[in-house]
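K.L.:
Sharing a structure below in structure tokens format, with a few things to ask.
All of the numbers you see were taken from the coordinates with simple rules; none came from a lab. Not measured: the values here are computed from a predicted model. Heads up, the Cβs are rebuilt from the backbone with ideal geometry, glycines too, and the neighbour counts pull from every protein chain shown.
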Amino acid sequence: MEENSLCVESQDWLVTENGECIALTLDELQSPVKPYRLYRFLTQLEDILDTVADDRSRIEAIAPLVRKLLTSSYWLQMEFIDPPLDPGWSVRFLYEDRDFPLTVQMVAWLPGNFSPIHNHATWGIVALISGQEKNRFWRRSPTPEYPDGIDLVGERILVPGDIIGFLPDAIHSVEPLGTEPAITFNLYGVTDYFQRFEFDPETRTAKNF
């Protein structure tokens, strides 16, 4: 993993509830003289969540801070657990607070694995640190017979430096590509688990996830 991999030809994306993957043009924040530490990031994150109610606006405000954090506090890029062959992935939580229940974690996936097709029922931001990851995007296409039907809209391959944001009803699936694990920094808001689903496009059904 190269130290400045997050700075090379990076792109910010937003996935909508209709499966659209929109390129965002966000201001790059100047690298701080002092290290931009996790506690400073969390403090600024809390300020944004207290003052910005719209999820898209939150993502647009937070994504540059995520890039600033990962490029300034390089040690975070190494805070992952090597994924075992079974189940093929690993998760390391970086922060936990019952009174500020965000999810901040490092996820590592071995190629050859697939995530379920799912939504998050909250806003989310994922930064690819190493490896490659194919995201497929879906949208709901309900009918009277199949109210949980979905259709594939498109896909995008993420490379190191890419940051992708998800609105709460965005539906996607993830597949690591290449020969090395896909390492990501994942940040999610407070999840409504009653509205988080795993979708089956063949049977056109959904279940809580």
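K.L.:
Can you give the direction-averaged projected area of the convex hull of the alpha-carbon atoms in the chain, in nm²?
P.N.:
Value for the chain: 12.0 nm².
K.L.:
By how many nm would the segment from TYR39 to SER57 lengthen if fully extended, with 0.36 nm per residue of separation less the alpha-carbon distance?
P.N.:
This chain segment gains 4.3 nm when fully extended.
K.L.:
Here's a follow-up. What's the FRET efficiency of PHE209 with THR179 using the Cβ-Cβ distance as r and R₀ = 35 Å, to the nearest 0.05?
P.N.:
Plugging the Cβ-Cβ distance into 1/(1 + (r/R0)^6) gives 0.75.
K.L.:
Using Cα pairs closer than 8 Å and at least 6 residues apart in sequence, work out the relative contact order for the chain, in percent.
P.N.:
27 percent
K.L.:
Where the convex hull is taken over the Cα atoms of the range 83-181, what is its projected area averaged over directions, in nm²?
P.N.:
The Cα convex hull of the range 83-181, projected and averaged over all directions, gives 7.8 nm².
K.L.:
Tell me, how many Å apart are the Cα centres for the range 166-201 and for the range 113-162?
P.N.:
6 Å
K.L.:
If the cut-off is 19 Å between C-alpha atoms, which aspartates and glutamates fall inside it for LYS34, apart from same-chain ones fewer than 8 positions away?
P.N.:
LYS34 reaches GLU3.
K.L.:
Can you tell me the dipole magnitude for the chain around its Cα centre, using point charges on the Cβ only (Lys, Arg +1; Asp, Glu -1), in Debye to the nearest 20?
P.N.:
It comes to approximately 200 debye.
K.L.:
What is the fewest-to-most order of VAL174, VAL153 by other Cβ atoms lying within 10 Å of their Cβ?
P.N.:
Ordered from fewest to most neighbouring Cβ atoms within 10 Å, VAL174, VAL153 come out as VAL153, VAL174.
K.L.:
Where in the range 129-149 does the label zone of GLU20 land, with the point 7 angstrom along Cα→C-beta and an amide N cut-off under 20 Å?
P.N.:
Correct set: 135-142.
K.L.:
Percentage of Cα-Cα pair distances in the range 43-130 greater than 16 Å, rounded to whole percent?
P.N.:
63 percent
K.L.:
Follow-up question, since we're still on this one. Mind giving me the FRET efficiency for ASP192 and TYR146? R0 is 25 Å, r the Cβ-Cβ distance, nearest 0.05 is fine.
P.N.:
0.65
K.L.:
Sticking with this structure for a sec: GNM on the chain, C-alpha springs below 10 Å: top fluctuator among PRO83, PRO144, PRO168?
P.N.:
So, out of PRO83, PRO144, PRO168, the one fluctuating most is PRO144.
K.L.:
Could you calculate the FRET efficiency of ASP27 with SER73 from 1/(1 + (r/R0)^6), where r is the beta carbon distance between them and R0 is 25 Å, rounded to 0.05?
P.N.:
So the FRET efficiency works out to roughly 0.80.
K.L.:
A further question on this structure: As a test of the formula, what do you get for the chain when each DSSP H run with n ≥ 4 contributes -39,500 (n - 2.57) and the sum is divided by the residue count, at 222 nm and rounded to the nearest 500 deg cm²/dmol?
P.N.:
Mean residue ellipticity, 222 nm, calculated: -5000 deg cm²/dmol.
K.L.:
Name the residue, out of PRO116, PRO101, PRO176, whose mean-square fluctuation peaks in a Gaussian network model built on the chain with Cα pairs under 10 Å.
P.N.:
Most flexible of the set in this elastic network: PRO101.
K.L.:
Taking the beta-carbon count within 10 Å as an exposure proxy, list GLU175, GLU155, GLU28 from fewest neighbours to most.
P.N.:
With the sparsest Cβ surroundings first, the list reads GLU28, GLU155, GLU175.
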